Amino acid sequence: MFGKGLKSLCAIGLLGLLTAASASADNAKTLSIVDDRGTTIEVPANPKRIASISYFATDVAFALGVKPVATTYMAAGREPDFLLGLTKQIKQIGQRAKPNLELLSEAKPDIIIAMRRYTIGNAEQLQKIAPYVAYNMELLSESDREISQLAQVLGKQERGTELNAAFRQHLAEYSTKAPKDVHPRFQIMWAGDTPWSFHTENTTASIVAALGGDNIAGPMRQGGPFGVELSLETMLEKDPEVIFVYDSGPDRPHENNPIWKQLSAVKNGRVFYVGDHWVEANGPIAREIVLREAAHYLYPETFPKVDVKAEAAKLIPADIQ
């Protein structure tokens, strides 16, 4: 009797060791990917602890049914509606342009997904904390690839493919439904004495242009930046009919310039201070909501007003909510 019990215990112990070894082997699996720096990084397959420097990785993770362990914010204390305010449940590691590396390290991430231009100077320090992947997160032409690669890393490649296909279908449907006889002149800008405006290749501008809008900032120069400073005088000359302003708070110096009130968009009440999803629109949730809002703002008689949280709730799985 004692011998049989000992054999059973030994068998259970051996099974436990095999299970642990299997789990350890699974954890040891890595993927080799190339990020937007052109750097090849070995990242863990199916990482469980994701840190997001920007909202992009938080957006993608939520859409895939994964909750990150850390994220930056756009403005302190402002939990974005397009992420259903769920960021308040995640460790905050500072403003996206100045992430706190000590807080990031405390989160013990398996992988760090970051905005390239804000973190490339700290790449070596970030890499010491966890494998660090940097994306541009600037152009619509890059969005599908960024989502697809991150979905692959998170072990959800099929779902990533579905999200990309669905967005392309929705973009085509909205573009087809948009009026063809009008092409509203538009501008997408950061507030400032000399507003920074976005070229047509930028993600939000690309979406608005696909709906028939005419971007006063025009296309990018070959190899040039994704935006340009446009003075109020230049804005008056080009006279946008619809203006989208990335809203970072109450400081709106452009409104103090007397030229501002002369613009057609201002006179006609077509200036829209848009949410954080417009600033970081390359994720699957953000770009879907930008598409719907842009359609309504351009053609309010054709497309209905958008409830951002209601749209987000359709895209974020219930178990994450």
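The values are calculated or read from the model by the stated rules, or taken from the named source; none is laboratory data. Please read all numbers here as calculations on a predicted model, not as lab measurements. FYI the Cβ positions are ideal-geometry reconstructions off the backbone, even for glycines, and counts take in every protein chain you see. Areas reflect the complete protein model, heavy atoms only, side chains present, ligands, DNA and RNA absent. Shrake-Rupley method; radii C 1.70, N 1.55, O 1.52, S 1.80 Å.
For the stretch 111-151, a residue qualifies if it is charged (D, E, K, R) and surrounded by fewer than 17 Cβ atoms within 10 Å (Cβ to Cβ), and the qualifying residues are 117, 124, 128, 142, 145. Residue count for the stretch 172-191, restricted to those that are touching a helix residue (DSSP H, G or I) at 6+ places or on another chain (Cβ under 6 Å) and assigned to a loop (DSSP other than H, G, I, E, B): 2. I need a count of the residues in the stretch 61-115 that are assigned to a loop (DSSP other than H, G, I, E, B) and of a type outside the set (S, T, N, Q). Total meeting the criteria: 24.
For the structure I just gave you, tell me whether residue 97 is farther than 17 Å from residue 248 by Cβ, surrounded by fewer than 24 Cβ atoms within 10 Å (Cβ to Cβ) and at pLDDT below 95. Answer is no for this residue. Looking at 152, 169, just one residue is within 18 Å of the chain's Cα centre (by Cα), outside any loop (DSSP other than H, G, I, E, B) and modelled with pLDDT of 95 or more, and that residue is 152. Restricted to the stretch 227-249, and to residues there that are assigned to a loop (DSSP other than H, G, I, E, B) and among the charged types (D, E, K, R), the residue that is modelled with the lowest pLDDT is 247.
Taking the criterion of being in contact with a Lys or Arg (Cβ under 8 Å, 6 or more places away or on another chain) and buried (at least 17 other Cβ atoms within 10 Å of the Cβ), would at least one residue in the stretch 266-274 satisfy it? No, the conditions are met nowhere in the stretch 266-274. The single condition from (1) open to solvent by 20 Å² or more (accessible area, probe 1.4 Å); (2) more than 16 Å from residue 284 (Cα to Cα); (3) not basic (Lys, Arg) that residue 197 fails is (1). Considered as a group, the residues in the stretch 283-315 that are in a loop (DSSP other than H, G, I, E, B) and out of contact with any helix residue (DSSP H, G or I) (no Cβ under 7 Å at 6 or more places or on another chain) include one that is surrounded by the fewest Cβ atoms within 10 Å (Cβ to Cβ), and that residue is 301. Filtered by the rule that a residue be touching a residue at least 12 places away in the same chain (Cβ under 8 Å), assigned to a helix (DSSP H, G or I), out of contact with any Phe, Trp or Tyr (no Cβ under 7 Å at 6 or more places or on another chain) and within 12 Å of residue 282 (Cβ to Cβ), the stretch 119-147 gives 140, 141, 142, 143, 144, 147. In a residue-by-residue description of the stretch 250-270, the property of being modelled with pLDDT of 95 or more and closer than 24 Å to residue 138 by Cα applies to no position. Do you know which residues across the stretch 171-186 are in contact (Cβ under 8 Å) with a residue 24 or more places away in the chain and closer than 12 Å to residue 303 by Cβ? Within the stretch 171-186, 174, 175, 177, 178, 179 meet the criteria. Out of curiosity, is residue 238 open to solvent by 40 Å² or more (accessible area, probe 1.4 Å), more than 18 Å from residue 281 (Cβ to Cβ) and touching a residue at least 40 places away in the same chain (Cβ under 8 Å)? So residue 238 passes the test.
Within the option set 207, 188, 216, being out of contact with any Leu (no Cβ under 8 Å at 6 or more places or on another chain) and aliphatic (A, V, I, L, M) holds for one residue only, 188.
When the strands (runs of 3 or more DSSP E) confined to the stretch 6-60 are screened for residues that are open to solvent by 40 Å² or more (accessible area, probe 1.4 Å) and at pLDDT below 95, those reaching at least 2 such residues are found at 30-34.
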